[in-house]
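Everything on this sheet refers to the single structure shown next.
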Amino acid sequence: MRIWWTIIGLTLTTVVLKALGPVVFGGRDPHPAFMRVVAMMAPALLAALVVTTALADGKHVGVGADTIGVLVGGVLLWRGRSVVLSVLVAVVVTAALRAVS
């Protein structure tokens with residue numbers, strides 16, 4: 001039952017935060033400095049999620065096959081390859097390293 005209270009709480013928090021924007025700004029344009037910060041939040045959050053997923057192994061920080069797979073996929077994205085190709089190569093590299101070890 002605890003999980004449902006968590007889901008309900010997160011849902012209500014999301015609704016309140018989404019409603020807060022129009023109430024606070026009321027048709028005015030936000031300050032440009034605020035918009036620059038908002039624009040930088042999504043890449044920072046994505047980077048934090050990728051690093052946490054790639055390096056976290058349960059309760060410990062560790063480098064494993066999944067870390068190498070994410071690294072290879074990231075390099076492919078950095079070099080301008082498509083997202084689909086990068087994800088597929090990351091999956092294949094991770095699976096191959098797990099099969100070897």
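The table below gives the values:
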quantity: Surface accessible to a 1.4 Å probe, Val75 within the full protein complex, Å²; calculated: 70
quantity: Net dipole in debye of the chain [+1 Lys, Arg Cβ; -1 Asp, Glu Cβ; about Cα centre; nearest 20]; calculated: 80
quantity: Per residue solvent-accessible surface (Å²) - the chain, probe of 1.4 Å; calculated: 83
quantity: Most fluctuating residue given options Thr52, Thr11, Thr67, as computed from a GNM of the chain linking Cα atoms under 10 Å; calculated: Thr11
quantity: Rounded FRET efficiency, nearest 0.05, which uses the C-beta distance separating Val50 from Leu20 and R0 of 35 Å; calculated: 0.80
quantity: Structure-derived semi-axes √(5λ) of the Cα gyration tensor in Å - corresponding label in (i) 36, 22, 12; (ii) 19, 15, 12; (iii) 44, 22, 9; calculated: (i)
quantity: Loop sites in segment 28-101: trypsin sites (Lys or Arg not before Pro), DSSP, at most 16 other Cβ within 10 Å; calculated: Arg28, Lys59, Arg79, Arg81
quantity: Of Gly58, Gly73, Gly27, the one that fluctuates the most in a GNM where the chain has Cα springs shorter than 10 Å; calculated: Gly27
quantity: Helix-only [θ]222 nm of the chain, DSSP H runs n ≥ 4, -39500 (n - 2.57) each, per residue, nearest 500; calculated: -27500 deg cm²/dmol
quantity: Gained length - Val63 relative to Ile3, 0.36 nm times residue gap less alpha-carbon distance; calculated: 18.5 nm
quantity: Ser86, Ser101, reordered so the largest accessible area comes first (probe 1.4 Å); calculated: Ser101, Ser86
quantity: FRET efficiency estimate (nearest 0.05) - Cβ-Cβ, Arg79 to Val38, R0 30 angstrom; calculated: 0.55
quantity: Surface share of carbon and sulfur [accessible, 1.4 angstrom probe, percent] for the chain; calculated: 75
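The values are calculated or read from the model by the stated rules, or taken from the named source; none is laboratory data. Keep in mind that what you see is a predicted model, and the values were worked out from it rather than measured. Neighbour counts are summed over all protein chains in view; Cβ atoms, including those assigned to glycine, are modelled from backbone coordinates with ideal geometry. The protein model used for the area step is the full one, side chains on, heavy atoms only, and it has no ligands, DNA or RNA in it. Shrake-Rupley method; radii C 1.70, N 1.55, O 1.52, S 1.80 Å.
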